[in-house]
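To start, the structure under review is shown below, and the notes come after it.
The values are calculated or read from the model by the stated rules, or taken from the named source; none is laboratory data. Since this is a predicted model, take the numbers as computed values, not measurements. Every residue, glycine as well, gets a Cβ built from its backbone with ideal geometry; the counts of neighbours run over all protein chains shown. Only protein heavy atoms, including side chains, enter the accessible area calculation; ligands, DNA and RNA are left aside. Shrake-Rupley method; radii C 1.70, N 1.55, O 1.52, S 1.80 Å.
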Amino acid sequence: MAIKPVLKMGEPLLLDVAKKVDEFNTPVLENLIQDMQDTMAALNGAGLAAPQIGVSLQVVIFGFEENQRYPDAEEVPFTILINPELTPLSDETEDGWEGCLSVPGLRGVVPRYRQLHYQGYDQHGNSIDRKVDGFHARVVQHECDHLQGILYPMRMKDFRTFGFTDVQMSD
C-alpha cells in the first residue's frame, strides 16, 4: 500500500492509549497492516505500532530474520498482534539497548521483563498465545508500550545510558 510518515516523540497521539480493534478481517484493517509492513520494512524496523503512523488502534507488528539495527539479536518470527495482553512470567528483568522509529537517532538502556506470556489476535481474529523470552520478549513489550502511550525513554532508569546512535557509548 504505502510507506507512512512515522510520528516522532512529542506528537500528542503517541501519548494516548490506543483503542481496541472490534472488527477483524476488514479491508480497513488489512490496509493498515500493509501500510505498517511497508513502513517497517522501508525503515528497517524490528517492529511498529499503529499509533506510530497516526492510527490509534491496538495493532502492532514485529519480527525479522536479521536486523542491522540489532545485529546480535536472535530471529523473531513475523507477527501481527491485535488487542494484546502481556503477562510477565517472573519478576526477572534484563537491561538492553533499545531504539525507536519515533525517537530517531537515539538509543538507551531499558529494563524489560526477561520472560513474557502474550495473547491477542491476528488480523483474522485468530487467537495468538505465546510464551517468549530474550529479545522477542523485549520487542513485544516495546511495541505494546506504544499502545499505552509509553515511549522507551519513559522506562529508562539511568539517563547516562541515553544518547545518539552515532556516538560510541559504553555498555
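Overview of values
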read-out: Cα gyration tensor shape of the range 5-156, rounded if a/c is under 1.5, else prolate or oblate by comparing a/b with b/c; value: rounded
read-out: Accessible-area ranking of 28, 17, 109, 139, largest first, probe 1.4 Å; value: 28, 17, 109, 139
read-out: Percent accessible area from carbon and sulfur atoms, the range 31-133, protein chains only, probe 1.4 Å; value: 41
read-out: Farthest toward positive dipole pole in the chain [+1 Lys/Arg, -1 Asp/Glu at C-beta], among 89, 159, 6; value: 159
read-out: List 150, 128, 3, 61, ordered by accessible area with a 1.4 Å probe, largest first; value: 3, 150, 128, 61
read-out: For the range 99-143: accessible area per residue (Å², 1.4 Å); value: 37
read-out: Sparse-neighbour loop sites [trypsin sites (Lys or Arg not before Pro); the range 142-171; at most 16 other C-beta within 10 Å; DSSP]; value: 157
read-out: Loop-located GluC sites (Glu not before Pro) in the range 51-135 whose Cβ has at most 12 other Cβ within 10 Å (DSSP); value: 65, 66, 74, 75, 92
read-out: Nearby aspartates and glutamates by direct alpha-carbon distance to residue 131 (threshold 13 angstrom, same-chain neighbours under 8 apart not counted); value: 85
read-out: Difference of contour (0.36 nm per residue) and Cα-Cα distance, residue 97 to residue 148; value: 16.3 nm
read-out: Sparsely packed trypsin sites (Lys or Arg not before Pro) within the range 1-101, loop by DSSP, other Cβ within 10 Å at most 14; value: 8, 20
read-out: Stretch gain in nm, segment residue 41-residue 159, where the contour uses 0.36 nm per residue and the Cα spacing is subtracted; value: 39.5 nm
read-out: The chain: relative contact order in percent, alpha carbon pairs under 8 Å with at least 6 residues between; value: 24
read-out: Cα centroid separation - the range 142-171 against the range 1-38, whole Å; value: 22
read-out: Gain on full stretching of the segment that runs from residue 68 to residue 24 - 0.36 nm per residue minus C-alpha separation; value: 12.6 nm
read-out: About the Cα centre, charge dipole magnitude for the range 1-116 (Lys/Arg +1, Asp/Glu -1 at Cβ), debye; value: 420
read-out: Student exercise, the range 64-171 dipole from Lys, Arg, Asp, Glu Cβ charges, in Debye to nearest 20; value: 340
